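Visitor: Have a look at this one.
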Amino acid sequence: MVEKLDQIEEVKKLDPKDMYSAVYNLPEQIEKAAEVAYKAEIKNISDKIDKVLVLGMGGSAIGGDVLQSVLFKEAKFPVFVNRDYDLPNWVDERTLVFAVSYSGHTVETVNSAKLSYSRGASVVAVTSGGVLKEFAKEKNLTLVEIPGGMAPRAAIGYVTIPSFVILERLGLISPKRKDIEETVSYLKKKREEFKIEVPTEQNVAKKVAKMMFKHIPVIYAVEEKWKVAAYRWKCQINENSKYPAFYHFFPELNHNEIMAWEAVDDVIKPLTLIFLYTSLEGEMKIRVEFMQEKISARGVPIFLWQAEGNNPLTQFFSLTYLGDFATVYLAYLADKDPFSIGYINELKLRIGQALS
């Protein structure tokens, strides 16, 4: 019997807006994002920055989480992410604010960007257009204008890379060109392993999709700084596949969520577990192996995926690119359109917000 995911023409009918190609073309997106950001004119940014705040919602906000994680060992300033209409009280003239809205119409982001400006913060707008672009032009702010027309969650390269480039150009972090080039090279190589033409038997992305099918995925990051990778998997499962999913991170989960795995069989059986890690050494190795032992004994499928790359940016994308492919394939298995976001749009219309 031919695997469903290997019936390419049939499953692609479930994807009329071609989310698959958006995932496949991520390397080129990252290249374009870097090109645009390196060419952007830097305007009205203080030379006394001592903290960074990233404003955003949904697929646009995750770039801030990636910035925070990738700079974990490097940044000599705190990086915060704000998903709200309002701002923390500490935002001031020494704050560099990245207002990231792929559509440019995200109400929460536009509102908090205007508040940031009113407090004297240096604001950089990262957007494809909309109200945010108009605001940036009106106030003569630094504007990184990225290409539009995609689902925000598929535009992760466009909403992530510009912040790194601007920080580099301001002399606040080390040069990132080589890291970006390594990331692009890695993704171009891996997509040849994950692409739809590769049969299920040889395709780890399709195998992971099958493992998640008719299960509830739980994604664990083995280091706290990579909780953003686990969160990315969760959100992609939610939006692309229309599946519930949950995430947590080590070592924190060993102080609370570990006890949930003692639940009765009827609760445990629907779950499947994915570990994301860079390395397993010392105490962390013991923690993971202990949980593997206990959870596999309950009959729960377990999958481990290790980061690759010589720098944190490549490592992040190496942890998440598999998930981007797998969640599109899971949508196909579930007979869902991976692009559609029905409930999100219904809610926006009820609130009176513009659709992305």
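Visitor: Which of the residues belonging to the range 186-200 are assigned to a helix (DSSP H, G or I), touching a residue at least 60 places away in the same chain (Cβ under 8 Å) and surrounded by fewer than 18 Cβ atoms within 10 Å (Cβ to Cβ)?
Guide: The answer is Lys188, Thr200.
Visitor: Separate question: Between Val2, Val11, which is open to solvent by 70 Å² or more (accessible area, probe 1.4 Å), over 22 Å from the mean Cα position of the chain (by Cα) and at pLDDT below 95?
Guide: Val2
Visitor: Going through the range 135-185 one residue at a time, which ones are over 24 Å from Ser116 (Cβ atoms), polar (S, T, N, Q) and open to solvent by less than 30 Å² (accessible area, probe 1.4 Å)?
Guide: Thr183
Visitor: Okay, next question. Can you name the residue in the range 309-356 that is assigned to a loop (DSSP other than H, G, I, E, B) and touching a Pro at 6+ places or on another chain (Cβ under 9 Å) and is also nearest to Met211 (Cα to Cα) among such residues?
Guide: Top of the filtered list is Asp337.
Visitor: Follow-up question, since we're still on this one. Hey, among Val124, Val91, Val100, which residue is within 23 Å of Ala22 (Cα to Cα), modelled with pLDDT of 95 or more and not assigned by the TED database to the domain that holds Phe317?
Guide: When all the criteria are applied, what remains is Val100.
Visitor: Which of (1) outside the structural domain of Lys285 (by the TED database); (2) touching a strand residue (DSSP E or B) at 6+ places or on another chain (Cβ under 7 Å) is the odd one out, the single condition Trp226 does not satisfy?
Guide: (1)
Each row is one residue, and each column tells you yes or no for (1) acidic (Asp, Glu); (2) within 28 Å of Tyr186 (Cβ to Cβ); (3) not assigned by the TED database to the domain that holds Gln68.
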position	(1), (2), (3)
Lys234	no, yes, yes
Ser241	no, yes, yes
Glu252	yes, no, yes
Asn256	no, no, yes
Phe275	no, yes, yes
Arg298	no, no, yes
Phe303	no, yes, yes
Glu308	yes, yes, yes
Leu313	no, yes, yes
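Visitor: Taking Thr314, is it farther than 18 Å from Val222 by Cβ, among the β-branched types (Val, Ile, Thr) and either surrounded by 14 or more Cβ atoms within 10 Å (Cβ to Cβ) or touching a residue at least 24 places away in the same chain (Cβ under 8 Å) (or both)?
Guide: No; evaluated as a whole, the condition is false for this residue.
Visitor: How do the pairs read when you match residues in the range 58-78 that are aliphatic (A, V, I, L, M) with residues anywhere that are assigned to a loop (DSSP other than H, G, I, E, B) and open to solvent by 30 Å² or more (accessible area, probe 1.4 Å), using Cβ under 7 Å and keeping only pairs 6 or more apart or on different chains?
Guide: Correct list of pairs: Ala61/Arg83.
Visitor: Let me ask something additional. Considering each residue of the range 96-141, count those that are outside any helix (DSSP H, G or I) and under 24 Å from the mean Cα position of the chain (by Cα), and give that number.
Guide: Final tally of qualifying residues: 18.
Okay, residues lined up against (1) surrounded by fewer than 16 Cβ atoms within 10 Å (Cβ to Cβ); (2) among the basic types (Lys, Arg); (3) in the same structural domain as Glu224 (by the TED database):
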position	(1), (2), (3)
Ser46	yes, no, no
Leu55	no, no, no
Asp65	no, no, no
Lys76	yes, yes, no
Ser112	no, no, no
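Visitor: Residues in the range 237-267 that are over 26 Å from Met284 (Cα atoms) and assigned to a helix (DSSP H, G or I): how many?
Guide: Of the residues in that region, 8 qualify.
The values are calculated or read from the model by the stated rules, or taken from the named source; none is laboratory data. Nothing here was measured: the structure is a model prediction, and the numbers come from that model. We place every Cβ from the backbone using ideal geometry, glycine too, and count neighbours over all the protein chains shown. Surface areas here come from the heavy atoms of the whole protein model, side chains and all, with no ligands, DNA or RNA. Shrake-Rupley method; radii C 1.70, N 1.55, O 1.52, S 1.80 Å.
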